[in-house]
Amino acid sequence: MKQKVLVTGGAGYIGSHTVLELLNNNYSVVVVDNLSNSSREGLRRVEQITQKTIDFEEIDIRDGDALSRVFERYDIQSVLHFAGHKSVGESVAKPLQYYDNNFTGTLSLCEVMQRFNVYELIFSSSATVYGATTQCPISESAPIGATTNPYGSSKYMVERMLMDLAKSDPQWRIATLRYFNPVGAHPSGQLGEDPNGVPNNLVPFVSQVAVGKLSEVKVFGNDYNTADGTGVRDYIHVVDLALGHIAALQYMEEHQGFEAFNLGTGRGHSVLNIISAFEKYSGQKVPFRIVERRSGDIAECFANPNKAKDILNWSAERDLKEMMEDTWRWQSKNPSGYS
Ligand code: NAD
Ligand code: UD1
């Protein structure tokens, strides 16, 4: 039986792009996903692009028995763990759902991994674990835990659990990847982000305005202490992010313990930069209006990406032009996403 990488949440936005790069790198993949925020269509397109097949099991990772059956059926060597909820606003309204899915889901996964002697885990974390108090650029040694919402707290709690787990048994090889702001789409235009309802995040919102589904972008505040007064973030192309997972997977094959890596570009762009870049590279008008700040937002957030470069030999290569062009190709070819 060929050894496989298990990808939880592999039908989702970042997971599906990573599955594609795993297949391109000759890994054999089994995806588990409960399709709570995705459909089979993304993975079907990955199979079409790569001309390779993906084993898929529709299960919830909190169901330990179902997960155990997956570990019995396949020879799993390592796990990339994307499955979870990701909306900050929803987490404030439904904290128990977020702690349950994100924390209990990861606990359930780790228990099954331990039972089946699978010790390599790459976890999808977020720059949100650094919270609001940190100076930019943010390096991995900055304190974590000053989180401002249940989503961020659930990611922080998982990181704490994984640190303790790695300390408890030297066989564990765990990397937590702290993503900055993932954007963009596969350059084929076949795969991309397909948010439910009105997007909360800037780039999907901008692209839906450009395609005519929404009328204007609301810019949340222009009185921040930044060059043009609007919020600054470290946007990273989803294909670079996917390749960062391959680099982490390869590194952790050879290294024990727990490691945290920032996955960002190290460059910040303001909201107005993003809107004008999107207009330039899509050729579409993107009307916008300045409105009040969004509660909980910070002025700026960007990575010090040196640790991933030095240790994983990985750095983000795709610039704002590719992020915007690829987003637009996906959005214009698939105005209703996968449906
Ligand atoms: P996504 O919602 O597109 O993908 C998550 C996938 O997990 C979905 O396919 C969903 O159906 C599945 N899922 C959720 N709960 C599950 C469960 N209990 N059992 C099985 N499957 C389950 O989100 P994404 O943008 O691809 O994010 C992937 C991961 O990266 C998440 O953990 C998210 O918190 C983290 N992250 C995302 C961002 C971002 O901006 N997208 C930023 C930082 C961190
Ligand atoms: C948000 C989450 C973060 C999560 C990330 C996932 C918050 C506080 N943080 O990050 O935890 O990991 O999404 O991608 O929600 N903006 C507008 N108008 C809009 C939307 C956004 O002006 O319609 C601005 C925001 O104020 C911010 C920037 O655009 O300055 C980026 O916002 P967004 O894409 O939502 O990401 P973050 O807030 O950085």
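Summary table
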read-out	value
Residue list for segment 99-131, filter: among the aliphatic types (A, V, I, L, M) and touching a strand residue (DSSP E or B) at 6+ places or on another chain (Cβ under 9 Å)	Leu109, Met113, Val118, Leu121, Ile122, Ala127, Val129
Qualifying residue in segment 43-51 (condition: under 22 Å from Met113 (Cα atoms) and either of a type in the set (S, T, N, Q) or assigned to a helix (DSSP H, G or I) (or both))	no
Pairs with Cβ under 6 Å, 6+ apart, first in segment 1-22 and more than 17 Å from Ile49 (Cβ to Cβ) and part of a loop (DSSP other than H, G, I, E, B), second acidic (Asp, Glu) and near ligand 1 (Cβ under 8 Å from one of its atoms)	Gly9/Asp33
Of all residues in segment 77-107 being among the small types (Gly, Ala, Ser) and surrounded by fewer than 17 Cβ atoms within 10 Å (Cβ to Cβ), the one that is nearest to ligand 1 (Cβ to nearest atom)	Gly89
Residue in segment 132-145 that is under 24 Å from Leu22 (Cα atoms), within 11 Å of ligand 2 (Cβ to nearest atom) and under 20 Å from the mean Cα position of the chain (by Cα) present	no
Failed criterion for Tyr74 (all others in (1) closer than 30 Å to Tyr156 by Cβ; (2) buried (at least 17 other Cβ atoms within 10 Å of the Cβ) hold)	(1)
Criterion: out of contact with any helix residue (DSSP H, G or I) (no Cβ under 6 Å at 6 or more places or on another chain) and near ligand 2 (Cβ under 9 Å from one of its atoms) - qualifying residue of Val271, Val219	Val271
Verdict on Ser108 being within 22 Å of the chain's Cα centre (by Cα), within 27 Å of Arg178 (Cβ to Cβ), not β-branched (Val, Ile, Thr) and not in a helix (DSSP H, G or I)	no
Residues of segment 285-304 satisfying the condition of being of a type outside the set (D, E, K, R) and assigned to a loop (DSSP other than H, G, I, E, B)	Val286, Pro287, Ser295, Gly296, Ile298, Ala299, Phe302, Asn304
Within segment 111-129, tally of residues that are among the aromatic types (Phe, Trp, Tyr) and over 16 Å from the mean Cα position of the chain (by Cα)	2
Residue in segment 47-65 that is surrounded by fewer than 17 Cβ atoms within 10 Å (Cβ to Cβ), modelled with pLDDT under 95 and in contact with a Ser or Thr (Cβ under 8 Å, 6 or more places away or on another chain) present	no
Members of segment 32-61 that are touching an Asp or Glu at 6+ places or on another chain (Cβ under 7 Å) and in contact (Cβ under 8 Å) with a residue 24 or more places away in the chain	Val32, Asp33, Asn34, Leu35, Ile54, Glu58
Number of the exception - Val7 against (1) near ligand 1 (Cβ under 7 Å from one of its atoms); (2) buried (at least 20 other Cβ atoms within 10 Å of the Cβ)	(1)
Pairs, first of a type in the set (Lys, Arg) and modelled with pLDDT of 95 or more in segment 130-159, second within 14 Å of ligand 2 (Cβ to nearest atom) and in a helix (DSSP H, G or I), C-beta under 9 Å, six or more apart	Lys155/Asn102; Lys155/Thr128; Lys155/Val129
Segment 23-42, subset surrounded by 18 or more Cβ atoms within 10 Å (Cβ to Cβ) and in a helix (DSSP H, G or I), residue farthest from ligand 1 (Cβ to nearest atom)	Leu23
Enumeration of residues in segment 168-198 that are farther than 19 Å from Ser124 by Cβ and either within 13 Å of the chain's Cα centre (by Cα) or at pLDDT 95 or above (or both)	Ser168, Asp169, Pro170, Gln171, Pro187, Ser188, Gly189, Gln190
Strands (runs of 3 or more DSSP E) fully within segment 200-279 counting 3 or more residues that are touching a residue at least 24 places away in the same chain (Cβ under 8 Å) and crowded, with 19+ Cβ neighbours inside 10 Å	235-237, 257-263
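The values are calculated or read from the model by the stated rules, or taken from the named source; none is laboratory data. Just so it is clear, the structure is predicted and the values come from calculations on it, not from any experiment. Because the Cβ atoms are built from the backbone with ideal geometry, glycine has one as well, and the counts that use them run over all protein chains shown.
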